[in-house]
Each structure stands twice: as structure tokens, then as C-alpha cells.
Amino acid sequence: MKNPNPQNPNVATTKRNNKLFYTIKLIYNNDGEILMAEYSVIRGAKKKFKCETGLCIKPMLADANKSKLKKNNSRYVLQEKFDGTRGIMYIRNGHVTGVISRYCDSDFRERFPEIINETKYLKSKNCVLDGEITFFKKSGHPVFLTAAATPATKKDYQVRYMVFDILEYDGKDVTKLPLLERLALLPKVIPPNLKHIKVIETHNVNKEYPKIYKSIVARKGEGVMLKQKSSEYVHGSREHWVKVKKDQTEDCIVVGITEGQGRRKWTFGALILAQYHKGKLMYVGNVGSGLDDNNLIEFFSVIMSVKPADNPFGGINVGHVKKWIYPQIVVEVRAMERLKTNALRLPVFIKVRNDKQPKDCTF
């Protein structure tokens, strides 16, 4: 996928890992290939990413398929789910050598000095931690901000590294240990009184599970993670962890837009959504609800700058299509349920997910 118009002021041409931050702009590399599309005010280029560890670990992931669970399944433990940016922290000889993103394309150390400064209080000088970089309001409620959020955006929030697993302890690989044994190591590493580095509380899944879940949702939490007690840390696997969100939310790929009517005549009516199922791109519906005038203008600017693509769905009726695009932009939507046709019922746009890639959008 090449940059169709290098002179277009709405498109940035840049090197990989030296991304410029724009308000919903497409970012290209030197070969003219799209790297990403993201919301943000332009602030200049990042320093070139360098992973000092020499190793970038693919993190363990979670499945959203609740059918794997049985009611009150005693094989699982529960942790609160925080909606932030995944980061694996490497510590060597007491020095943080990287806080690496899930795709090994960013190092967050310079963006969060308050987290890095607190690592001097950790009790293990050689360890690898897994957690979520999350922002909290003064009230204590978590909010979603990407790691690329500007200082002006972040100033009203407190950032915390919410740790939920450990991969290395005192220089020894512990990924083969059962989850419960790994969790028991976290208090030995992280003191409880730190402000910006916290261990996520773990609960047994029993008859109290509904009560704990409702309590998290009542205080505007994101949801919960259910993890098998005996599971090893398996890189890239979704087999042993299940995420249960307060609403049914889905990450979807934007593959096109429909014709608009009325106020939307000059932009578009809805985003055409897709997800991967068993390796095949499948149509899952259109979303127009939740898009305000600013969203419409920003999306329209981006989508019209992208080289057109072919219909990926064959003869499926998706409405009056204005344009098909290359599957690059990921959005999060909320839906009532998934129908037998695989389409999402009454989807509502929530936000763009800069931290997700199209391959992550599965069902």
C-alpha cells in the first residue's frame, strides 16, 4: 500500500519508529507504506526506538470468548482489567533497559519518568515484569489515554504501571512456573507503598465472582481478566486467559465507508467494519452511531487520502458503498450482541485504537 499523494498535507511521510503525531493522520514509511493512523496533535518526531535488552518478548494475550468459562470455575483467578497500553519492563542490574510495547516498536521509558524513577525501590535488580500503563483521574477512576498522549492531555491524570505478571525473577526465567507461583513473586519485587508502580489484586473465582465483577463495573472499571491458575506464561497465546468487559466491545477494522445522507451527505454515513475469523476477513456490520461531526470530518480526510481497495466480501450487501479502503485503521465499538450472521447488533463507535493492529481484530 503506497502513499497515493506524497504532497498531501494531511499525510506524513516518515521513517519507521520515528513517527510524527497528527490528528487522525496516516503515517507512511520511506517506502510509501502505511504504518498507522492515529489521533493526536502534531508534536514532532520521536527519537529512534532502540531496545537495549536485545530481546523483545511477545506478550501473552487473552481471548474474549466467554464460552470457554464454566460458572464458578475454580481453575481460574480474577484480576481487574485496566484499559491502557501494554508494556513489558526489563530491569538489568537495577537499571530499566526498556519498557517495550506489545509489538516491540516503542520504548516508553522517556515518556513516563515517574514510573522509571520508582524502579529504584524494586527489590529485584534483575527481573522482567508485564503490566498495563494506565491513567487515573484524581478520583481514582481509570481512563483510557494512549501512551502517545501529549503532556497537555496527561497533566490532569496520574499514570501508573499496573503489574499483573512476572517473566523473570532475580535473573531466572519463571515463565514455566504456574501462574499462582509467579503471582506470589510480585510482592517480593514491588513494595506496596509505591505511587506509580502497583500490583493488580488477584481474587479466586468462586461464588463471589459476580459480586467482585459488579463492584468493579459499579466504580466504572473496564472489566475483569480470568486466568487459569496452573497456566505457564506462553508468548502470544490466548489459550489460558479470558477477558470479560462490562460491555460487549469489539476491536474492528475499517474497510470502507457508505454514502451519507442529510448532514452527512458531504462526508459519509457509516464505517464498514470487518474482523478476521479463522484467517479470513469477515463483514461484521456498519457503524455510524457515536460519530460526531469532528469524527466524521477527520475520518473522511483520512479515508479519502487512501488508495481504494477492492470489495473484500464478495456479494454481501453492506449498503451503498462510497469507498473501500485498505484494512489499516482499527476502531473499538460497543454492541448489544453478535448475531448468527456474525454481524454486530447495534454497534456504537467508541474510539480509534492506535495500540491495536488489524491482525488483532478477531472473533
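The values are calculated or read from the model by the stated rules, or taken from the named source; none is laboratory data. Quick caveat, the model's predicted, so the values are computed rather than measured. As a convention, Cβ positions derive from the backbone with ideal geometry for all residues, glycine included, and neighbour counts pool all protein chains shown. For the accessible areas, the whole protein counts, side chains as well, though only heavy atoms, and no ligand, DNA or RNA atoms are used. Shrake-Rupley method; radii C 1.70, N 1.55, O 1.52, S 1.80 Å.
Run the numbers for D310 and H203: contour at 0.36 nm per residue of separation, minus the present Cα-Cα distance, in nm.
33.7 nm
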List the GluC sites (Glu not before Pro) in the range 109-199 that DSSP assigns to loop (not H, G, I, E or B) and whose Cβ has at most 15 other Cβ atoms within 10 Å. Which are they? none
With the other protein chains left in place, how much accessible area per residue, in square angstrom, belongs to the range 148-224 at a 1.4 angstrom probe? 54
Hz values of 3J(HN,Hα) by residue in the range 176-190 - Karplus curve (6.51, -1.76, 1.60), Gly and Pro given as x: 7, 6, x, 3, 4, 5, 5, 4, 5, 7, 4, x, 6, 9, 10
Among the listed pairs K172/K227; K154/K356; K58/K278; K245/K307, give every one whose C-alpha distance is greater than 30 Å. K245/K307
Straight distance only, please: which aspartates and glutamates reach the Cα of K243 with their own Cα at less than 12 Å, same-chain residues fewer than 8 apart left out? D63, E80, D83, E222
With every protein chain kept in place and ligands, DNA and RNA left out, what is the accessible area per residue of the range 267-363? Probe 1.4 Å, answer in Å². 48
